[in-house]
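The values are calculated or read from the model by the stated rules, or taken from the named source; none is laboratory data. Small disclaimer: the values here were computed from a predicted structure and weren't measured. Glycine also receives a Cβ, built like all others from the backbone with ideal geometry; neighbour counts cover every protein chain displayed.
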Amino acid sequence: MLDYQIVSADRTESLVLGKLFVILFMGEAGEGIPYTGVYYSDNRYIDYYALKYKNSIISPQTVERSNRQIKYEYVTVDGKITRTTSLFYEGIEEKIQGPHAENMHFELHPDYRDIFYVRSFLTGSSEANRWLKRLSPRFNVKRQSVEIQFDGYRRMVFEAKEIQRKKDKILLKAGKDLSLIRMLFKRVSPRRSTPNFVYKAFPKIKTDDRRFESLYDQSITNLSNTLESPFDGSFFPLSAIPWFHTVFGRDSTITSIHSMMFNPLIAKSTIVKLGELIGRKHDLVTEEEPGKIIHEKRFGEVSGRDRVLSGYYGSVDATPLYVLTYLGYLKYHPQDDSVKKFEGEVLQALRWIKKRVKSDGLLGYSGKSMLSNQAWKDSWDSVSHKDGSIPPHPLFLIEVQGYAAKALEGGAELLDDKQEIRELIHLAEHLYRSIKGRYWSQKISYFGEAIDGEGRLTEILTSNPGHLLWMNAITNGSAEKVAQLLVDRSKLNSGYGVKTLAYGEVRHNPLAYHNGSVWPHDNMIILSGLARYNLREEFSELLLELLDAYSELGLTGLPELFSGERREKVRKIVPMGGFPIAWCDAGILGILHSMLGLDVQHGDPYKVTVSPILPEWMNELAIKGLHILGGRLDVQVKRVGGKIKTDCNFTVEPNSPFRLETLERF
């Protein structure tokens with residue numbers, strides 16, 4: 001939450017499905033391999049996890065990861081052994097195949113420990129070893145399962161051919177020919193408990209660019225796996241493994257906005273869950289306020305009971321993004337009335353924004369909080385002046401004003417009171433004027449990152465203004481100036497994407513969390529904005545750079561961030577942070593939405609318009625099965641003789657009258 005840990009995503013094997021994730025290194029978890037183990041709902045349940053051959057640990061010759069499985073191959077004196085580690089909702093399955101598989105067994109150490117203890121964020125006593133006291137001294141069973149209870153309600157069930165206890169460890173023994181070993185959090189069938197139905201519901205794409213198609217496919221696979229519990233009806237996107245795989249207001253709303261036409265159930269679940277957790281009272285410790293959207297909620301054995309960690313509201317941008325998620329859902333899926341029961345919560349969020357903007361003139365945050373910075377760049381030093389000094393609070397980030405203006409403007413349509421409607425529109429216009437007038441710096445010919453508590457503008461070059469393009473919050477002329485700087489290889493562009501902070505700034509460090517690294521989710525927001533403004537040259541250049549990074553990293557998707565050294569000088573870019581991460585995986589969906597220029601105007605009939613662009617190096621794009629107005633839309637775009645030709649039709653008719661038009665962008 002507060003610390004920054006580097007997770008070498010290219011050196012560990014990670015699997016995630018719902019609330020469960022596993023991190024191994026060469027098939028093993030244990031001492032000397034930090035953070036590895038089996039995690040479920042903010043607790044680590046197993047910290048030592050090793051496959052042994054005749055009581056000795058062996059290393060795999062090959063490791064192959066795909067979707068929800070990792071396949072390992074081992075070479076022993078008995079021959080080749082294949083191990084397949086798979087996840088299903090609520091459990092893990094290990095398959096061992098090969099000659100004399102009975103000579104293999106798994107050795108585990110259950111470790112019931114809050115994730116914040118694993119991170120050393122919390123210290124002191126925990127319940128890590130209470131399970132030992134709950135076991136019978138006689139622990140040797142065959143052809144059955146054993147259940148371990150860690151506290152009153154958390155448990156694991158182990159199933160294997162033979163189960164033994166060895167001091168503080170559990171041995172799961174294989175049988176002949178084929179061994180099935182399962183570790184379960186609930187007794188469910190693995191065959192019925194996979195997210196294939198989620199993945200299949202996403203639109204399918206085909207292009208003449210192999211990497212773009214591959215990134216899309218990997219991203220929707222990752223996104224399907226990080227949804228909380230689709231079989232129980234929750235498509236809420238959990239964030240990033242290992243440390244942030246929980247409820248985050250900002251992350252889930254951005255993911256939802258991107259995926260609105262690709263899987264509307266994600267936005268629907270986000271509206272519901274965040275609406276249920278919306279602030280109801282004033283609390284100075286947790287920073288809860290009526291109408292404020294939660295920043296983070298934890299469920300660990302200690303963190304889930306902690307006053308702050310179990311519900312922390314220190315985010316300035318989650319609330320306007322929540323309003324925008326609701327407005328987007330109503331725009332593209334007006335036939336679904338089920339989310340309208342949360343309109344009261346959306347109006348509370350809207351009035352929280354209104355109150356703060358009326359009070360301060362802008363939407364910002366004070367420094368009297370656990371997080372000193374409360375937008376997406378939440379490092380303590382992510383906002384600075386030109387000399388590197390930390391500005392005094394309160395702080396008013398530029399992208400937050402864009403979010404707030406768009407939320408106030410769109411939210412006015414939800415109201416009946418004419419005076420309040422005028423008030424919201426007036427405040428939105430005030431924020432647009434402030435962005436244009438107060439945030440533009442003649443000195444750097446660019447928008448500053450923030451206005452501080454003394455009214456001074458932080459005149460440094462950051463990626464933040466790129467979010468204004470996503471919100472369509474500035475003029476075409478200003479957008480062109482921002483775009484030119486974002487792709488400038490001497491300033492904000494590494495050659496693999498837009499950096500968080502430009503070369504030459506005092507606090508610049510290409511390996512810093514928010515001060516010089518490259519964040520794919522940030523770049524995808526910028527790319528969506530470039531496409532909206534029809535800035536084709538910059539869009540084509542930046543998207544190609546991101547695909548180059550995807551190829552270079554060699555991961556099944558894009559990580560939370562990677563190093564921001566100059567492309568010409570670095571041998572290999574370094575993946576950092578969490579992986580996979582939902583708002584990054586959803587980003588490619590947002591890019592496609594903007595590329596299609598797809599819009600819905602309400603009326604009788606509804607008007608659906610498509611006005612696509614293609615990057616300069618792509619000639620064909622076909623998307624089948626976009627979710628709009630209760631129907632499914634196919635779109636095919638081709639470059640023919642220098643012009644864009646578009647064909648589109650509903651394969652499943654909307655449940656309301658509509659008119660479908662294609663427009664050409666100029």
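Do you know which residues across region 336-364 are in contact with a strand residue (DSSP E or B) (Cβ under 6 Å, 6 or more places away or on another chain) and either of a type outside the set (Gly, Ala, Ser) or not assigned by TED's automatic domain parsing to the domain that holds ILE451 (or both)? Show your work before the answer.
Looking only at region 336-364, we keep the residues that are in contact with a strand residue (DSSP E or B) (Cβ under 6 Å, 6 or more places away or on another chain), and these are 362, 364.
If the condition is that a residue be in contact with a strand residue (DSSP E or B) (Cβ under 6 Å, 6 or more places away or on another chain) and either of a type outside the set (Gly, Ala, Ser) or not assigned by TED's automatic domain parsing to the domain that holds ILE451 (or both), then LEU362 is the only one that fits.
Listed here are the residues, each with its yes/no results for (1) surrounded by 24 or more Cβ atoms within 10 Å (Cβ to Cβ); (2) basic (Lys, Arg); (3) under 19 Å from MET595 (Cβ atoms); (4) within 15 Å of the chain's Cα centre (by Cα).
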position: THR207; (1), (2), (3), (4): no, no, yes, no
position: ARG211; (1), (2), (3), (4): no, yes, yes, no
position: SER214; (1), (2), (3), (4): no, no, yes, no
position: THR221; (1), (2), (3), (4): no, no, no, yes
position: PHE244; (1), (2), (3), (4): no, no, no, yes
position: ASP251; (1), (2), (3), (4): yes, no, no, yes
position: THR270; (1), (2), (3), (4): yes, no, no, yes
For residues that are among the charged types (D, E, K, R) and either without any contact (Cβ under 8 Å) to a residue 60 or more places away in the chain or crowded, with 23+ Cβ neighbours inside 10 Å (or both), scanning just region 561-593, find the one that is farthest from LYS491 (Cα to Cα). ASP585
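So if I check each of LEU614, LEU596, which one is within 25 Å of the chain's Cα centre (by Cα), buried (at least 19 other Cβ atoms within 10 Å of the Cβ), of a type outside the set (S, T, N, Q) and under 27 Å from GLU537 (Cβ atoms)? I'd like the intermediate steps shown before the answer.
On the way: LEU614 fails: within 25 Å of the chain's Cα centre (by Cα).
So the residue among LEU614, LEU596 that is within 25 Å of the chain's Cα centre (by Cα), buried (at least 19 other Cβ atoms within 10 Å of the Cβ), of a type outside the set (S, T, N, Q) and under 27 Å from GLU537 (Cβ atoms) is LEU596.
Among the candidates TYR513, TYR503, which residue alone is in contact (Cβ under 8 Å) with a residue 60 or more places away in the chain, over 25 Å from ALA407 (Cα atoms) and touching a Lys or Arg at 6+ places or on another chain (Cβ under 7 Å)? Show your work before the answer.
Details: TYR513 fails: touching a Lys or Arg at 6+ places or on another chain (Cβ under 7 Å).
Exactly one of TYR513, TYR503 is in contact (Cβ under 8 Å) with a residue 60 or more places away in the chain, over 25 Å from ALA407 (Cα atoms) and touching a Lys or Arg at 6+ places or on another chain (Cβ under 7 Å), namely TYR503.
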Close pairs from region 169-188: first of a type in the set (Lys, Arg), partner part of a loop (DSSP other than H, G, I, E, B) and modelled with pLDDT of 75 or more, Cβ under 6 Å, at least 6 apart: LYS186/GLU90
Filter result for ILE444 (in a loop (DSSP other than H, G, I, E, B), of a type in the set (Val, Ile, Thr), over 23 Å from ILE591 (Cβ atoms) and in contact (Cβ under 8 Å) with a residue 60 or more places away in the chain): no
Kindly provide the set of residues from region 617-666 that are part of a loop (DSSP other than H, G, I, E, B), touching a helix residue (DSSP H, G or I) at 6+ places or on another chain (Cβ under 9 Å) and at pLDDT 95 or above, ordered by number. TRP617, MET618, LEU629
Looking only at region 320-338, count every residue that is at pLDDT 95 or above, within 20 Å of HIS627 (Cβ to Cβ) and not in a loop (DSSP other than H, G, I, E, B) and tell me the total. 9
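Output the residues belonging to region 339-370 that are in a loop (DSSP other than H, G, I, E, B) and within 23 Å of GLU429 (Cβ to Cβ).
Of the residues in region 339-370, the ones in a loop (DSSP other than H, G, I, E, B) are 361-364, 366-370.
Scanning region 339-370 gives GLY361, LEU362, LEU363, GLY364.
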Show the residue pairs meeting these rules: Cβ distance below 7 Å; 6+ apart or different chains; first residue within region 395-420 and farther than 20 Å from GLN374 by Cα; second residue modelled with pLDDT of 95 or more and of a type in the set (Ser, Thr, Tyr). none
Only one of LEU350, LEU363 is crowded, with 20+ Cβ neighbours inside 10 Å, closer than 13 Å to LEU397 by Cβ and modelled with pLDDT of 95 or more, namely LEU363
Conditions (1) more than 16 Å from LEU427 (Cα to Cα); (2) buried (at least 24 other Cβ atoms within 10 Å of the Cβ): number failed by ASN373: (2)
Only listed residue being assigned by TED's automatic domain parsing to the domain that holds ASP251, free of Cβ contacts under 8 Å to residues at least 60 places away in the same chain and farther than 26 Å from PHE248 by Cβ, chosen from ILE390, ILE425: ILE425
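Kindly provide the set of residues from region 205-238 that are assigned to a strand (DSSP E or B) and aliphatic (A, V, I, L, M), ordered by number.
Filtering region 205-238 down to residues assigned to a strand (DSSP E or B) leaves 205-207, 227-229, 234-237.
The answer is ILE205, LEU227.
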The lone exception for SER434 - which of (1) assigned to a loop (DSSP other than H, G, I, E, B); (2) of a type in the set (S, T, N, Q); (3) surrounded by 15 or more Cβ atoms within 10 Å (Cβ to Cβ) it fails: (1)
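Right, ILE266: touching a Ser or Thr at 6+ places or on another chain (Cβ under 6 Å), under 28 Å from ARG532 (Cα atoms), modelled with pLDDT of 95 or more and not assigned by TED's automatic domain parsing to the domain that holds ARG65 or not? Lay out the reasoning, then the answer.
Numbers: touching a Ser or Thr at 6+ places or on another chain (Cβ under 6 Å): yes; under 28 Å from ARG532 (Cα atoms): yes; modelled with pLDDT of 95 or more: yes; not assigned by TED's automatic domain parsing to the domain that holds ARG65: yes.
For ILE266, the condition - touching a Ser or Thr at 6+ places or on another chain (Cβ under 6 Å), under 28 Å from ARG532 (Cα atoms), modelled with pLDDT of 95 or more and not assigned by TED's automatic domain parsing to the domain that holds ARG65 - is met.
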